[in-house]
Amino acid sequence: MLELKDIILEESSACRRQPVSFVVRPGDTYTFNSPSRSLNTCLLRVIMGLKAPVEGYVTIEGEHVSSRSSSTFRRLMTYLPHGLFLPHCRVSEFLLTLWSLQVNSDLELRRQQVRQQWSQLDVDISWWDAYADEVPWAVMRRILLAVSSMTGHPLVLLDMPFDGQSEEHVRLMDGYIRQMAQSGKSVLQTSLDRLPAGSSEKTIPESAPTVPSPGAKAPSDAPSSPSFQPLSLFDT
């Protein structure tokens with residue numbers, strides 16, 4: 001279970017101050033709906049322990065996420081960022097780096113699993129052999145969403161997954177994400193305004209995302225800059 005208690009996020013472009021609190025339980029699909037892309041990403045970085053909140057705290061299964069414990073908790077998370085640097089290699093090779101697989105026999109097994117998952121998101125299996133940096137980003141987001149569902153991590157963080165998608169693909173992705181939650185995962189997604197009606201059990205309104213008043217300081221035990229920078233979707 002993920003809980004945020006009285007969190008105030010740091011944002012330089014405004015001076016609103018209203019704590020954010022919510023709980024995401026296994027089976028939940030929770031949406032943080034904010035008009036700010038940077039605020040959405042900031043929230044997920046706070047949960048991963050890559051950025052300290054100005055006030056408040058985060059717990060996972062009742063344990064506080066701190067600068068010392070965050071690397072352990074990230075092993076429980078699957079994170080789909082809003083933007084990602086894609087190397088010039090085939091999609092299959094790129095995905096294998098995420099899975100950390102080195103045995104050729106695993107490649108065919110994964111291809112079969114991927115085919116089934118991709119078909120639910122309108123992703124043609126021909127993209128398997130395409131170069132990752134040449135795949136349209138909207139397609140790549142659906143590819144990576146499918147990969148997210150294939151991990152055993154109980155907490156899934158999705159940063160604006162519907163951004164740049166067609167209405168039909170938003171509908172497919174929304175159903176897919178809810179299936180992930182129904183399998184027992186806790187899913188937290190951020191959004192600007194691309195959520196279909198009734199897509200989530202809970203939504204944070206625009207007025208809830210908050211930023212510090214001038215002069216607010218971060219807790220003393222939090223690093224001023226993150227010591228960990230994710231190089232892939234999954235911290236294993």
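The values are calculated or read from the model by the stated rules, or taken from the named source; none is laboratory data. On a predicted model such as this, the values are computed, not experimentally measured, just so you know. Positions of Cβ are generated from backbone atoms using ideal geometry, with glycine treated the same way; all protein chains shown enter the neighbour counts. Surface accessibility is based on the protein's heavy atoms, side chains included, excluding ligands, DNA and RNA. Shrake-Rupley method; radii C 1.70, N 1.55, O 1.52, S 1.80 Å.
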Which ones in region 26-67 are aliphatic (A, V, I, L, M) and out of contact with any helix residue (DSSP H, G or I) (no Cβ under 6 Å at 6 or more places or on another chain)?
-> 39, 43, 44, 46, 47, 50, 52, 54
Could you tell me which residue of region 119-137 is nearest to residue 89 (Cα to Cα), considering only residues that are over 23 Å from the mean Cα position of the chain (by Cα) and in a helix (DSSP H, G or I)?
-> 129
What residue, among those in region 9-30 that are open to solvent by 40 Å² or more (accessible area, probe 1.4 Å) and of a type outside the set (D, E, K, R), is modelled with the highest pLDDT?
-> 26
Take residue 78 and decide whether it is surrounded by 22 or more Cβ atoms within 10 Å (Cβ to Cβ) and more than 20 Å from residue 6 (Cβ to Cβ).
-> yes
Going by the conditions given, is residue 2 among the aliphatic types (A, V, I, L, M), crowded, with 18+ Cβ neighbours inside 10 Å, at pLDDT below 95 and closer than 25 Å to residue 174 by Cβ?
-> no
Is it fair to say residue 45 is of a type in the set (Lys, Arg) and assigned to a helix (DSSP H, G or I)?
-> yes
Residue that is in contact with a Lys or Arg (Cβ under 7 Å, 6 or more places away or on another chain) and farther than 22 Å from residue 48 by Cα, where the choices are 174, 193, 129 | 129
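Residue-by-condition table, conditions (1) more than 16 Å from the chain's Cα centre (by Cα); (2) surrounded by fewer than 18 Cβ atoms within 10 Å (Cβ to Cβ); (3) in contact (Cβ under 8 Å) with a residue 12 or more places away in the chain; (4) over 21 Å from residue 84 (Cα atoms):
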position	(1), (2), (3), (4)
139	yes, no, yes, no
150	no, yes, yes, no
156	no, no, yes, no
162	no, no, yes, no
Do you know which residues across region 31-48 are open to solvent by 20 Å² or more (accessible area, probe 1.4 Å) and modelled with pLDDT of 90 or more?
-> 41, 45
Could we say that residue 175 is of a type outside the set (Asp, Glu), open to solvent by 10 Å² or more (accessible area, probe 1.4 Å) and at positive phi here?
-> no
Only one residue in 74, 68, 110, 141 is closer than 25 Å to residue 171 by Cα and not β-branched (Val, Ile, Thr). Which one?
-> 141
